[in-house]
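Every number in this text was worked out from the coordinates using simple rules, so none of it is lab data. Predicted model only: the values in this text are computed from it and were never measured. Cβ placement follows ideal geometry from the backbone for every residue including glycine, while neighbour counts extend to all protein chains displayed.
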Amino acid sequence: MAAPVMKPMTAAEIAAAVGGTLTGESTVVVSTVAPLDRAGATDLSLLAHAKYAPAFESSNAGVVLVTPELAGTAGRCSARVIVAKPYDALVALLPKFYAAPVMEPGIHATAIVGNGVSLGRDVRIDAYAVIGAGASIGDRVWIGASAVIGDGVTIGADSRIFPQVTAYPGTVVGERSFIHAGVRLGSDGFGYAFRDGVHHKILHVGRCLIGNDVEIGANSTIDRGSIDDTVIGDGTKIDNLCQVAHNVRIGRLCLLMSQVGISGSTHLEDGVVFTGQSGAAGHLLIGRGAMVGAKSAVWSDIPAGEVWSGSPARPHRESLRAHAATLKLAEFMKRVERFIAGKGA
């Protein structure tokens, strides 16, 4: 896929597109997007927080999206577009700036398509991809190079399967979902029964079910269920290098950030957030809208709407107090040593 090419826009066009108020030169043209500290005269940037005001003051950006509260900040940019939420405005502008990659339908000569495969309209299958027998590929699905789509896999319309993804047999991917390079869907979970001095593998007969509008980052792994399905709900986003174990059920609109691990049979209700390098033990219930802080280890259920952190994880304020106490430990130990030595506290 070629690198995106930005379509130039004037400051006036940008203001009209986001419903903002323009100050400065209306005819200045920008053709790329960049952060304030690296932006030049042909770049669009944004100022959404006062902490970035120093960068704005020295920035050479051509056009800057800025909040009403920060609109009067001193700076030398050619034009300012005042909007309530600059970041949201930038998100809305990006599709106008950058042309979406053009998907030319067709099956590459080196691709292998098995018996009984159902292909929708305008499907693209790139070089060396393998589509197993009985798979169902929806309309406008794009399957990248060297991807392996197992027997009986279903992929919904308008989904994108990037290069070297593997979807094991029976996996289901919904509509408009993005599965990035190196993802493994539906491999066996880590399940063994110890008997007669040997770890015996537990047969995994469940499926891996990915909902609509899901995005899974590069090299993440979602195991199939053992006796139940592993389910990722609609609208959930999973970062790179995450692991979701067998029988896990993740609700709608959840966020799993990089290097999160969710152990077997744990249930995340809708809107749960796990931040980087956090994890949950198995057979837990994480309530609707709960949030888990970075590097936290969750060993018990979390009620809906609560924020937990630490290892072991506990309610966030409690975790902060415990951490603060440990920071005072060194001075406390010195006092104890002085007391023991007879010098008083």
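Measure out, as a whole number of angstrom, how far apart the alpha-carbon centroids of the range 1-60 and the range 126-183 sit.
Their Cα centres are 37 Å away from one another.
What size of dipole, in debye to the nearest 20, comes out for the range 106-319 about its Cα centre when the only charges are +1 on Lys and Arg C-beta atoms and -1 on Asp and Glu C-beta atoms?
Taking the Cα centre of the range 106-319 as origin, the dipole is about 220 debye.
Positive end of the charge dipole of the chain (Lys, Arg +1 and Asp, Glu -1 on Cβ, about the Cα centre): tell me which of 129, 209, 315 has its Cα farthest that way.
It is 315.
For every helix of n ≥ 4 consecutive DSSP H residues, a contribution of -39,500 (n - 2.57) applies; sum these over the chain, divide by its total residues, and give [θ] at 222 nm rounded to the nearest 500 deg cm²/dmol.
Computed ellipticity for the chain at 222 nm equals -4500 deg cm²/dmol.
Around residue 108, what is the net charge, scoring Lys/Arg as +1 and Asp/Glu as -1 over all other residues with Cβ under 13 Å from its Cβ?
-1
Tell me, 199, 204, 316 in order of fewest to most beta-carbon neighbours within 10 Å?
199, 316, 204
Taking the number of other C-beta atoms within 10 Å as the exposure measure, put 331, 318 in order starting with the fewest.
331, 318
From the residues 296, 15, 83, which one has its Cα farthest along the dipole of the chain in the positive direction, the dipole being from +1 and -1 charges on Cβ of Lys/Arg and Asp/Glu about the Cα centre?
It is 296, whose Cα lies furthest towards the positive end.
Counting other beta carbons within 10 Å of each Cβ, put 110, 10 in order, fewest first.
110, 10
Considering the values (i) 39, 21, 18; (ii) 47, 22, 16; (iii) 40, 39, 15, which represents semi-axes √(5λ) of the Cα gyration tensor in Å as calculated for the structure under consideration?
(iii)
Could you work out the relative contact order of the chain, using alpha carbon pairs under 8 angstrom and six or more residues apart, expressed as a whole percent?
7 percent
Under the Karplus relation 6.51 cos²θ - 1.76 cosθ + 1.60, θ = phi - 60°, what is the ordered set of whole-Hz ³J(HN,Hα) values for the range 259-266, x standing for Gly and Pro?
6, 7, x, 10, 7, x, 6, 7
When only alpha-carbon atoms count, how far does the range 280-345 stretch along each of its three principal axes, as whole angstroms with the largest first?
Reported extents, whole Å, longest axis first: 55, 20, 16.
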